[in-house]
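These notes are about the structure you will find just below.
The values are calculated or read from the model by the stated rules, or taken from the named source; none is laboratory data. Just so you know, these numbers come straight off a predicted model, no measurement behind them. Note that each Cβ is placed from the backbone with ideal geometry, even for glycine, and that neighbours are counted across all protein chains shown. When the accessible area is computed, the model is the full protein with side chains, heavy atoms only, and any ligands, DNA or RNA have been set aside. Shrake-Rupley method; radii C 1.70, N 1.55, O 1.52, S 1.80 Å.
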Amino acid sequence: MGAFILRRTGVMILTALCLTLVVFFLTNLFPNLEKLAKTQGNARMTDEEVVSWLDRNGYGGPMLLRYGEWLGVVPGWTRVDPDTGEVTGRCIDFDSDPEDAPTFCGLLQGDLGFSTVSDEEVENVLPGRLLLTLKLMGWAFGLMVPAALLVGILAGMREGSRLDRSLSTFSIASTATPEYVSGVIFIVLFASTTAGVSGVLTEWGWLGGDGWLGDRRTLFLGSARSAMEDITFWNFTLPVTTIALYGMGYIARMTRASMAEVMTAQYIRTARLKGVSFRNIVLKHALRNALIAPFTVIMLQFPWLLTGVVIVETLFNYNGFGWTMVQAASNNDIELLLACSIVAVFVVLLTQLISDIGYVFLNPRIRIS
């Protein structure tokens, strides 16, 4: 098992290097750098002034050299102003002595660069945003996975029954409804004071004034901005439900298909002929084998949740990782966008490694070699 994990870790590092090189190449294409120069410098810069600005700020060298600087395996660039003699460089902080600056300052040294939009170091911006998204992911995952497994198992236990058809229809409908549609529907139904369920309850006097929820005139809040400070059932239910509902259908369909296949296996028929109760057949013989296929799908939900929350965070005004990624892309904040990309790549590869290890434990027939 140790050799298997080491081999998978080596492949993971190699894959991460390839993916980060691709992301670095795409974000450092000249049109992006030209936009950055005109944003940070002057919108009316000539082409010569753009090239000069990029060279002064470390964007003028060969692509592979700058990738090595970003990784921290190549010494950071330095420039000397011919007029003032001022020394600037990637590793030289503002108002610091160049002699005290480190030679290497990249990803390996924990230096993710400077965010031009937030006007502060990326390592000061990203952890807080990531923590907000992890809270959202945790609540959504805790709701989505148990509900999806329950729906899939109930549907797959009796294939073709009325319960199976009903739950399958629900699963397909939830997967076919995009988050930006279900989110808007939830807001109209539960967070509007003039329409939907909240509007009706307000007219009946059940909400607002002396209603159930005191002065609150809606069942849930349509904005999750207050949840960044204090998570409550009122302000966090709609974004969590929107994410969970979309991912639930796919896991439920996979679980249902796996469960239906297991229930027709020879050993299940043998157990039935021996008089084992249906409850024991499901819980003791079918369930573990039926969860092997959905396990991989469940692990894939982690990277999807991390990067797929972009729409939900934007819709509910929740400034997490996805919202930060959109802002970085919209404002051409290259260093912040690269940092977001490396986090996403790391999460994808780590969940794949956990998925491979867990798959071996769930299915002993698989040979590691």
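Numbers below:
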| item | result |
| --- | --- |
| Exposure ranking of Met137, Met254 by accessible area [1.4 Å probe, largest first] | Met254, Met137 |
| Residue of Phe190, Phe170, Phe278 that the Gaussian network model of the chain assigns the largest fluctuation, springs spanning Cα pairs under 10 Å | Phe278 |
| Accessible area of Trp206 in the full protein assembly, 1.4 Å probe (Å², nearest 10) | 110 |
| Surface/4 of the Cα convex hull for the range 83-146, nm² | 6.6 |
| Pairwise centroid distance, computed over Cα atoms, of the range 138-200 with the range 230-277, Å | 13 |
| Residue among Ala195, Ala286, Ala155 with the largest mean-square fluctuation in a Gaussian network model of the chain, springs linking Cα atoms under 10 Å | Ala195 |
| Nearest 10 degrees, 0 to 90: helix 2-27 Cα axis against the chain principal axis | 60 |
| Built amide H within the under 5 Å cut-off of Arg79, gap 5+ | Thr88, Gly89 |
| Alpha carbon Rg of the range 159-210, scaled by the compact-globule rule 2.2 N^0.38 Å | 1.64 |
| Cα-Cα pairs of the range 61-184 separated by more than 19 Å (percent) | 69 |
| Computed accessible area, Met263, all protein chains, 1.4 angstrom probe, square angstrom | 10 |
| Compactness of the range 235-321, expressed as Rg and Dmax over alpha-carbon positions, Å | 18.2, 58 |
| On Cα atoms only, tilt of 321-330 relative to the major axis of the chain in degrees | 40 |
| Accessible area in the full protein assembly, largest first, 1.4 Å probe, for Phe94, Phe24 | Phe94, Phe24 |
| Relative pair counts by distance (%), Cα atoms of the range 205-363, 5 Å bins | 1, 8, 11, 12, 13, 12, 11, 9, 8, 7, 5, 2, 1, 0 |
| For the chain, with +1 on Lys and Arg beta carbons and -1 on Asp and Glu, the positive-most of Met263, Pro294, Leu305 along the dipole | Met263 |
| q = 0.14 Å⁻¹, the chain: log10 I(q)/I(0) [Debye, one scatterer per Cα] | -1.19 |
| Computed over the chain: relative contact order in percent, which uses C-alpha pairs under 8 Å that are six or more apart | 20 |
| For the range 280-293, 3J(HN,Hα) per residue [Karplus equation, 6.51 cos²θ - 1.76 cosθ + 1.60, θ = phi - 60°, Hz, x = Gly/Pro] | 5, 4, 5, 6, 9, 10, 8, 4, 4, 5, 6, 8, 5, 5 |
| Heavy atoms of Phe346 accessible to a 1.4 Å probe, total area in Å² rounded to 10 | 120 |
| Expected 222 nm ellipticity per residue - DSSP helices of 4 or more, -39500 (n - 2.57), all of the chain, to 500 | -20500 deg cm²/dmol |
| Nearest 10 degrees, 0 to 90: helix 47-56 Cα axis against the chain principal axis | 80 |
| Hz values of 3J(HN,Hα) by residue in the range 69-78 - Karplus curve (6.51, -1.76, 1.60), Gly and Pro given as x | 5, 5, 6, x, 9, 10, x, x, 5, 9 |
| Per principal axis, descending, Cα span of the range 132-275 in whole Å | 63, 35, 28 |
| Cα shape, the range 17-105, gyration tensor, a/c 1.5 rule | oblate |
| Long-range amide H partners of Phe114 with built H, under 5 Å | Val122 |
